[in-house]
Amino acid sequence: MPSTTAPGTSPRRVLHDCDPGHDDAIAIMLAIADPSIDLIAVTTVAGNVTLEHTTNNALRVLDLLGRGDIPVAAGRAAPRVRDLSTAAVMHGESGLAGPLPVTPSSGPSELTALEMIEQVLTEATEPITLVATGPLTNMADVVEQLPHLHHMIRELVIMGGAVELGNWTPAAEFNIWVDPDAADIVFRAGCVPGGERTGIPLTMIGLEVTHRAWLTDEHADALRGTGDVGQFVAELLDHFVGFHQDRFGWEGAPIHDAVTIAHLIDPTLVTTLPMNVQVETESALCIGRTVADRWSVTGQPANAAVGIDIDRNRFVTMLLDRLSP
Ligand code: BDR
Ligand code: CA
């Protein structure tokens, strides 16, 4: 069943910062398909692949959805301090391996990502939700350069980090590992959504959650032929599921980034706990680790709501519903 907004409430206005990427692309599609979300702008960052590719991919996905009216603004082309390391091995050189390449019909905004975010927050009459599903390079700029507009950020929901094991190194998840210095800035600015507003309300959807949010070949086949969007997602999954089968021996592929949007659509889907999270920026072995104080052993105040579980069946049902007509 498609969700609707409660009577008398308007759709949640969301700006999505991303590095498409298979799962980023599916997150965009889910946001556009669900009536409870009003996707007002997309900003891009280098991560899975270079900024040129992530920006083209965002434009391409919006074209496919007939939503070329949603502006796309390109952000940072490299992490704050370190060189860019991509995940082309997982997403292909283009970032969207699987479907045949297509050139987007239009280009990005003349504004940078930071300028776009500043404009959106300045012009908004109600606070805006930010979703970040790539390295947090652009979001660190928002923290540092737009302090006068933080009150217009309703909350920031990120896909990144892990309480336990990493995926890109034994200690770290990819998005945080690519730009740990940016992630450090963002987590230092965070506070727990729904609690006292001492910073930017921050939700971390990490690998404990997203490794349970996977789709298989069967789901690809269920979507194939259901329409342009279903067909495109099926072709994305052909590559993405195949990679995870070959590399990890898993039956399916985690659709990490789509969980952020699913969490906004249905806040009962992901279980979260308030935790203090700090980011390791120095250790050679553990750089990019999100050190999450699951058992409150440090006495440090919680600065984020951290996802620890998801109702996978409902997540899968939501995705299949929204991605096929
Ligand atoms: C994250 O890394 C990227 O490859 C995915 O798009 C996702 O955002 C998962 O670790
Ligand atoms: Ca991503």
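The values are calculated or read from the model by the stated rules, or taken from the named source; none is laboratory data. On a predicted model such as this, the values are computed, not experimentally measured, just so you know. Quick reminder, even Gly has a Cβ in these numbers, built from the backbone with ideal geometry, and neighbours come from all protein chains shown. Protein only, heavy atoms only, side chains kept; ligands, DNA and RNA dropped before computing areas. Shrake-Rupley method; radii C 1.70, N 1.55, O 1.52, S 1.80 Å.
Quick look at the values:
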item: Identity of the residue in the stretch 22-53, hydrophobic (A, V, I, L, M, F, W, C) and under 19 Å from THR103 (Cβ atoms), that ends up surrounded by the fewest Cβ atoms within 10 Å (Cβ to Cβ); result: LEU51
item: Some residue of the stretch 171-181 being of a type outside the set (Asp, Glu), open to solvent by less than 10 Å² (accessible area, probe 1.4 Å) and free of Cβ contacts under 8 Å to residues at least 60 places away in the same chain; result: no
item: Residue within the stretch 199-207 that is assigned to a helix (DSSP H, G or I), open to solvent by less than 10 Å² (accessible area, probe 1.4 Å) and in contact with a Lys or Arg (Cβ under 8 Å, 6 or more places away or on another chain) present; result: no
item: Answer from GLU164, GLU110, GLU155 - the residue that is away from ligand 1 (no atom under 16 Å from the Cβ), open to solvent by 40 Å² or more (accessible area, probe 1.4 Å) and of a type in the set (Asp, Glu); result: GLU110
item: Verdict on ALA58 being open to solvent by 10 Å² or more (accessible area, probe 1.4 Å) and either in contact (Cβ under 8 Å) with a residue 40 or more places away in the chain or within 16 Å of ligand 1 (Cβ to nearest atom) (or both); result: no
item: Among the residues listed as THR133, THR210, THR169, the single one being in contact with a His (Cβ under 6 Å, 6 or more places away or on another chain) and within 16 Å of ligand 1 (Cβ to nearest atom); result: THR210
item: Contacts under 6 angstrom Cβ, first residue in the stretch 246-271 being without any contact (Cβ under 8 Å) to a residue 60 or more places away in the chain and more than 13 Å from ligand 2 (Cβ to nearest atom), partner acidic (Asp, Glu) and not in a loop (DSSP other than H, G, I, E, B), 6 or more apart; result: THR271/ASP309
item: Every residue from the stretch 121-133 that is within 15 Å of ligand 2 (Cβ to nearest atom) and in a loop (DSSP other than H, G, I, E, B); result: THR133
item: Any hit, the stretch 182-189, residues being assigned to a loop (DSSP other than H, G, I, E, B) and either modelled with pLDDT of 95 or more or among the hydroxyl-bearing types (Ser, Thr, Tyr) (or both); result: yes
item: Residue match in the stretch 220-232 (condition: surrounded by fewer than 16 Cβ atoms within 10 Å (Cβ to Cβ) and part of a helix (DSSP H, G or I)); result: yes
item: Answer from LEU146, LEU136, LEU156, LEU165 - the residue that is more than 16 Å from ligand 2 (Cβ to nearest atom) and closer than 17 Å to THR290 by Cα; result: LEU165
item: Matching residues in the stretch 67-95 - criterion: being open to solvent by 50 Å² or more (accessible area, probe 1.4 Å) and in contact with a strand residue (DSSP E or B) (Cβ under 8 Å, 6 or more places away or on another chain); result: ARG67
item: Positions within the stretch 277-303 being part of a loop (DSSP other than H, G, I, E, B) and in contact with a Phe, Trp or Tyr (Cβ under 9 Å, 6 or more places away or on another chain), in sequence order; result: ILE287, GLY288, ARG289, ASN303
item: Entirely in the stretch 1-84, the strands (runs of 3 or more DSSP E) that have 1 or more residues that are of a type outside the set (A, V, I, L, M) and modelled with pLDDT of 95 or more; result: 12-18, 37-44
item: Index of the failed condition, VAL306 passing every other in (1) over 30 Å from GLY66 (Cα atoms); (2) assigned to a helix (DSSP H, G or I); result: (2)
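Conditions (1) under 16 Å from the mean Cα position of the chain (by Cα); (2) within 24 Å of LEU223 (Cβ to Cβ), marked per residue:
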{"site": "LEU30", "(1), (2)": "yes, yes"}
{"site": "SER36", "(1), (2)": "no, yes"}
{"site": "LEU51", "(1), (2)": "yes, no"}
{"site": "ALA58", "(1), (2)": "yes, yes"}
{"site": "LEU64", "(1), (2)": "no, yes"}
{"site": "ILE70", "(1), (2)": "no, yes"}
{"site": "VAL81", "(1), (2)": "no, no"}
{"site": "GLY95", "(1), (2)": "yes, yes"}
